[in-house]
1. Consider the stretch 40-89. How many of its residues are part of a strand (DSSP E or B) and either basic (K, R) or out of contact with any strand residue (DSSP E or B) (no Cβ under 7 Å at 6 or more places or on another chain) (or both)?
2. Name the residue that is surrounded by the most Cβ atoms within 10 Å (Cβ to Cβ), counting only residues in the stretch 53-74 that are within 20 Å of I118 (Cα to Cα) and either modelled with pLDDT of 95 or more or of a type outside the set (D, E) (or both).
3. Just a yes or no: is a residue in the stretch 94-111 among the β-branched types (V, I, T), surrounded by 13 or more Cβ atoms within 10 Å (Cβ to Cβ), modelled with pLDDT of 90 or more and assigned to a helix (DSSP H, G or I)?
4. Limited to the stretch 10-27, what total is found for residues that are in a loop (DSSP other than H, G, I, E, B) and either modelled with pLDDT of 90 or more or open to solvent by 60 Å² or more (accessible area, probe 1.4 Å) (or both)?
5. Can you confirm whether E88 is open to solvent by 80 Å² or more (accessible area, probe 1.4 Å) and in contact (Cβ under 8 Å) with a residue 12 or more places away in the chain?
Amino acid sequence: MLGIDSCLAEVMAIPGALDAMLVDHTSGMAVAFSNDSGVDADRSAAALTEALRATTDGLARTCPGEVVRVDDMLVTTDKGHHLLRLLETVFEGPLVLYVRLDLERSNIALARHRLQSISSRLTT
């Protein structure tokens with residue numbers, strides 16, 4: 001099983017990674033954060049949680065009667081890619097693994113693959 005600090009170190013080793021965070025999806029609080037850009041981790045964690053909830057709620061309304069489960073979510077802005085991976089854990093509740101990627105230096109497919117691998121080792 002991968003520890004939280006090792007997990008964030010591996011996420012930050014993804015080519016183009018700028019920030020990484022582990023978020024408690026239930027409370028919206030940052031569990032761990034790796035950042036040098038001065039971003040408020042707690043405010044960011046809460047905002048990411050709300051974005052995921054809004055996405056899940058929106059999908060549930062467009063697919064009535066179906067079970068909606070988001071594995072990961074990608075948002076691209078003019079300055080970067082934001083990749084979120086939802087984790088079912090043995091901890092108190094679900095976690096979200098987040099990485100912000102440089103638009104020019106990142107490879108989304110590689111980042112998704114690495115995040116999937118890291119998240120599976122964190123939850124086993």
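1. The total comes to 2.
2. Restricting to residues being within 20 Å of I118 (Cα to Cα) and either modelled with pLDDT of 95 or more or of a type outside the set (D, E) (or both), the top hit is M73.
3. Yes, there is a match, as at least one residue in the stretch 94-111 is among the β-branched types (V, I, T), surrounded by 13 or more Cβ atoms within 10 Å (Cβ to Cβ), modelled with pLDDT of 90 or more and assigned to a helix (DSSP H, G or I).
4. So the count comes out to 6.
5. Yes.
Listed here are the residues, each with its yes/no results for (1) under 24 Å from G3 (Cβ atoms); (2) touching a residue at least 40 places away in the same chain (Cβ under 8 Å); (3) touching a Pro at 6+ places or on another chain (Cβ under 6 Å).
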{"position": "M21", "(1), (2), (3)": "yes, yes, no"}
{"position": "R43", "(1), (2), (3)": "no, no, no"}
{"position": "A60", "(1), (2), (3)": "no, no, no"}
{"position": "D72", "(1), (2), (3)": "yes, yes, no"}
{"position": "D78", "(1), (2), (3)": "no, no, no"}
{"position": "L84", "(1), (2), (3)": "yes, no, no"}
{"position": "V96", "(1), (2), (3)": "yes, yes, no"}
{"position": "D102", "(1), (2), (3)": "no, yes, no"}
{"position": "A109", "(1), (2), (3)": "no, no, no"}
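The values are calculated or read from the model by the stated rules, or taken from the named source; none is laboratory data. Bear in mind that the values here come from a model prediction, so they are computed numbers and not experimental data. All Cβ positions, glycine included, derive from the backbone under ideal geometry; neighbour counts span all protein chains shown. Surface accessibility is based on the protein's heavy atoms, side chains included, excluding ligands, DNA and RNA. Shrake-Rupley method; radii C 1.70, N 1.55, O 1.52, S 1.80 Å.
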